[in-house]
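Quick one: structure below, then a few questions.
The values are calculated or read from the model by the stated rules, or taken from the named source; none is laboratory data. This structure is a prediction, so every number in the text was calculated from the model and none was measured. Cβ sites come from the backbone with ideal geometry, for glycine too, and all protein chains shown count toward neighbours. We work out accessible area using only protein heavy atoms, side chains counted, and drop any ligands, DNA or RNA first. Shrake-Rupley method; radii C 1.70, N 1.55, O 1.52, S 1.80 Å.
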Amino acid sequence: MEQDLVETEKRRKREINIDPSLQWSQWQLLDSILPTGGFAHSFGLEAAIQARLVSGPDDLQTFVIHLLENTGSLLLPFVYSATMNPTLDNWQKLDRILDATLSNEVGRKASVSQGSSLMRVAASVFTELLSLKSMRDVCIGPGVVSFHHAPVFGIICGLLGMDSGTSQRAYIFMTMRDVISAATRLNLVGPLGAAVLQHRVASVAESMVKKWMDRSVEDACQTAPLLDTIQGCHTYLFSRLWEVPKKEGGGGETKDPPKALLHSTMSIPILETCRKRKRRPKLFGLHSFAEPGCPINPTGPFRDNIRIFLKQCAEPEDYCVKGMPLWCTLLVRDKSCVVPLYTIEEGVNHSLNPFCDHCRCTGWGNHLVSKRKYHVVIPNDRDWNKPLEDNVLNIHSHLLHGLIHCNGFGHLLCINGIEGGSKYLYGREIMDLWDRICEILKARKISVEDASKKHGMDLRLLHGVAYGHTWFGRWGYKFCRGSYGVSEENYDRAIEILSSQKLDKIIQDFSDREQSRQIKCMVQHYRDLSESQLVTIRDLFKFMLTIKSRSTLQKKLVAATAAPSASVQKNSIRISFHKKDNSKEKYLRCKRFTSVIAHMDSRWPAKRLEFAAEVIVDALKQHKSEVGHGGMTRQDLRDAARMHIGDTGLLDYVLKSMNNVIVGCHIVRRGINSARVLEYTIDDVDNPVKDLKLLEATEEIHQKPLPDLLPAPTPVPGTDVYNDVVYLYNNTLLNYPESELLELATQAVLDSKHFVKDRPFRDEDDQLLRFFCQVMPGLFDAENMATETSPAGELVMVPLHATVFDLKQAAEKALRDTYCIMDKFVVTEVDNLGEMEDRDVLFGALESGAEILVRGSGIDFDSNLKHEGGADNWIVRCECGARDDDGERMIACDICEVWQHTRCCSIEDSEAVPPLFVCPGCCTSFGPPMTNSPLEFQCSDDLLLDSATMYGMDYEYDNCIGLLQ
Ligand SMILES: [Zn+2]
Ligand SMILES: [Zn+2]
Ligand SMILES: [Zn+2]
């Protein structure tokens with residue numbers, strides 16, 4: 001089959017080389033004069049306009065982009081496949097599949113009418129394509145093919161010798177052209193505006209083509225459910241969404257919606273709110289919102305970008321929360337729900353909490369107070385239908401709450417997905433959305449305090465050990481600041497110490513304890529399951545976390561092995577292998593691929609996984625028949641399968657799950673070949689039932705009990721992976737016997753809660769110069785503010801031909817716009833420009849991306865709103881090394897007034913703070929040493945670290961010794 005494709009492609013390439021006259025036909029196919037019916041088709045635009053969903057050029061652009069995305073994902077695979085193989089058989093097949101794929105009647109009809117029209121015209125115009133006419137003649141009878149547009153277009157392109165890339169690009173181009181010309185016809189844009197729009201969208205269109213091209217029809221999918229909704233359900237949905245509700249008992253009631261539709265709208269709680277609003281909301285896809293260009297792509301600093309965002313992606317609400325204005329963005333997730341995303345603007349000048357505790361705890365207490373905070377909030381599902389309440393900023397059950405200061409520094413305050421109480425959204429989904437929003441708005445640094453737990457386990461410890469980073473690490477959040485003086489070095493070291501523990505050593509360390517048998521059993525169980533060697537605790541946790549989603553499968557396997565009867569046949573089939581060179585026999589479980597995937601938590605439907613498996617088996621079979629024996633390397637196999645499967649993600653996923661699986665009447669196995677390369681082999685299973693009997697026979701002989709059959713105390717390893725993870729977490733991480741080193745390491749990881757994502761500055765490829773503008777430190781020195789200026793300058797942009805004067809103005813504007821105390825700042829001088837005059841042009845004198853220092857006057861030193869850390873001048877000096885508030889509980893000494901951690905002073909978190917507290921330092925100077933002398937830390941010191949101390953206690957420690965001697 002793949003050979004056919006290659007042959008066809010070659011033949012077509014020859015044709016086009018031989019016959020350049022075909023190019024004239026190719027161009028004609030794309031010419032708008034060709035009466036293909038595209039002219040009459042508006043792709044649902046008309047309905048969208050009637051519903052006031054699209055009312056101007058901005059909306060139109062969004063609409064077009066959505067349409068192109070959907071066309072790319074859904075139809076390009078059909079164009080591709082038809083172009084590659086423009087035969088009658090293939091056409092009929094594609095037509096049938098597409099007919100079954102198109103989910104709404106309106107879209108289906110449009111596709112059919114456009115397609116048959118194109119076929120008719122092409123058959124009579126391109127007379128050189130004899131086969132086209134004959135194909136049409138064969139299929140013209142009723143019910144043979146539906147003449148869907150995409151396959152017809154692909155067939156014609158193929159016959160005209162177009163290469164597959166061009167034909168797919170052409171298809172997107174035509175779609176774009178047709179919808180924009182529909183917009184002109186509907187008076188949405190003028191002809192010139194339409195041409196400009198078409199050209200502007202072209203780059204987006206190209207990215208769509210790149211994203212979706214060369215995929216197999218198995219991968220065709222809807223990406224813009226909104227469009228599908230518009231095209232399919234507009235009659236009803238639109239009346240619900242945007243029409244003014246009719247009065248009870250009044251005439252002209254809306255017709256009953258079809259049942260399926262009623263069902264889908266019932267789960268859209270937000271619709272009611274929309275309806276009450278009586279105005280046109282903008283809707284975006286939850287999963288594509290805030291991708292570059294979707295719908296905006298601002299290139300300025302955050303303070304400007306957020307304004308563009310609010311203007312273009314959000315609607316102002318008609319109420320305020322505590323005087324703060326807010327905007328709402330509606331995000332459509334599949335057809336299941338519409339999610340409201342609120343943006344609240346908090347002006348610091350009038351705020352009750354002008355300072356930022358999060359900044360202080362992140363170590364940004366020295367930042368100047370930004371004028372505005374923007375809160376990005378997705379409330380809990382149950383509140384989607386209500387207006388936001390006054391206490392919205394203090395609620396911790398939001399699905400998402402992020403805060404970004406107008407200088408671009410921000411904090412992720414909470415994420416709650418399904419596990420956090422949402423019925424609809426996954427934490428990962430929300431995190432993706434938040435990450436895209438930060439990226440598109442060019443937020444500079446976002447911190448997060450990771451206190452997330454699952455099944456009672458701190459994820460920063462569990463994930464830290466398993467993956468080397470926290471859950472947030474997947475999105476690029478890195479260590480920012482540890483509490484109790486834990487430094488990044490300490491953190492890395494602690495992670496390394498914990499995760500490199502050898503499993504064998506653990507088993508040994510536990511050997512004379514009650515958990516011994518249990519831990520041994522558990523390790524053995526997962527070692528048996530894993531294909532790779534599990535050496536360290538990291539390997540083990542990592543493996544357990546990857547299979548946790550399949551815990552149901554595990555349960556079934558255990559059930560099946562415990563009661564080997566009919567259920568074995570259904571769920572798993574075991575086959576014994578006889579290796580000649582190995583006297584030790586090993587049981588290998590062979591499972592039916594269908595039952596394996598039935599329990600896998602995959603994003604692909606089972607049908608497509610099975611299809612992929614069949615393709616892989618076919619490739620292996622063919623290879624075997626050609627070569628005779630031996631396996632295929634993973635790369636070769638993947639390449640062969642790629643001919644039929646466009647989605648490499650799907651392919652890799654299936655390849656990964658294929659080991660000792662039965663597909664049809666074949667067993668696929670995986671192993672390392674003599675060249676140390678991963679290799680797949682295939683064998684026939686003549687009669688799986690016979691092999692099963694064989695297995696049962698061998699099992700009787702060997703009587704080797706499997707670990708999951710052992711009568712072990714609870715939890716039985718493998719019954720519930722999470723139970724096992726919790727068990728190991730508690731024993732090997734939290735309560736490791738007699739190891740202060742591990743105890744300290746665990747504490748260090750648990751004490752590291754602040755993580756940060758840094759978005760480094762990137763100069764854009766445009767006609768603007770960008771500078772980072774800092775205020776001269778000297779300006780603050782005068783006021784005893786030390787060198788605590790803004791940590792990174794403000795981004796200032798000026799045109800290429802700007803003068804020194806323009807730069808001063810831009811810097812002044814940026815600083816005034818951003819910081820409270822800079823409200824009346826006047827820039828008098830730019831330090832880096834030496835002798836340059838105001839009227840001199842910058843270009844050539846200053847590189848784009850450079851830092852500049854400005855001097856000026858008008859800083860409001862009397863303002864209270866100087867630093868995010870607040871006006872208080874706390875002195876923090878704790879024996880753990882902390883020199884700054886880190887968010888942990890502290891107490892001030894009543895003599896020296898220095899703050900220190902309660903924990904470091906041996907005050908339990910459950911204990912109240914004593915009414916009078918004198919720190920150990922003051923104690924030693926005024927009297928005999930207290931019982932909780934820092935000496936007690938001595939024992940752990942040299943255990944953990946070679947030179948530096950884990951808790952930075954060397955300095956204090958030496959002092960204490962000095963004091964005590
Ligand atoms: Zn802050
Ligand atoms: Zn401390
Ligand atoms: Zn003191």
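Quick check: net charge around Thr803, other residues with Cβ under 13 Å of its Cβ, Lys/Arg +1 and Asp/Glu -1?
Once positives and negatives cancel, what remains is -2.
Ratio to report: Rg/Rh of region 2-221, with Cα atoms as the point set and Rh obtained by the Kirkwood method; give two decimals.
Value, to two decimals: 0.96.
Something else: How would Arg382, Arg770 line up by accessible area, probe 1.4 Å, largest first?
These residues rank, largest area first, as Arg382, Arg770.
For region 912-919, take each phi angle, set θ = phi - 60°, evaluate the Karplus expression 6.51 cos²θ - 1.76 cosθ + 1.60, and give the result in whole Hz per residue in order, putting x for glycine and proline.
For region 912-919, the Karplus curve yields 6, 6, x, x, 10, 10, 10, 6 Hz.
Can I ask one more? Using a 1.4 Å probe on the protein heavy atoms only, what accessible surface does Leu534 show? Give it in Å² to the nearest 10.
Here the residue's solvent-accessible area equals roughly 10 Å².
While we're on this one: Bin width 10 Å, alpha-carbon pairs only: give the P(r) of region 315-469 as whole percents, running from 0 to the bin holding the largest distance.
The distribution over region 315-469 is 10, 38, 37, 14, 1, given as percents.
Please calculate how many Å² of accessible area region 102-159 carries per residue, with a 1.4 Å probe and no DNA, RNA or ligand atoms counted.
Solvent-accessible surface per residue comes out at 40 Å².
What residues qualify as long-range amide H neighbours of Ser397, i.e. H under 5 Å apart, gap of 5 or more or another chain, H built at 1.01 Å from N?
none
Let me ask another. Roughly how much of Arg177 is accessible, in Å² to the nearest 10, using a 1.4 Å probe?
For Arg177, solvent-accessible area is about 40 Å².
Sort 502-511, 802-811 by packing, meaning the average of other beta carbons within 10 Å per residue, with the highest value first.
Result, highest mean Cβ count within 10 Å first: 802-811, 502-511.
Gain in length, Asp684 to Lys478, computed as 0.36 nm per residue apart minus the alpha-carbon separation, to one decimal in nm?
Once the chain is fully extended between Asp684 and Lys478, it gains 69.2 nm.
Rank these residues by their accessible area, most exposed first, probe 1.4 Å: Asp58, Asp683.
Asp58, Asp683
Sticking with this structure for a sec: To two decimal places, what compactness ratio does region 395-515 give when its Cα radius of gyration is scaled by 2.2 N^0.38 Å?
Scaled against compact globular proteins, the figure is 1.28.
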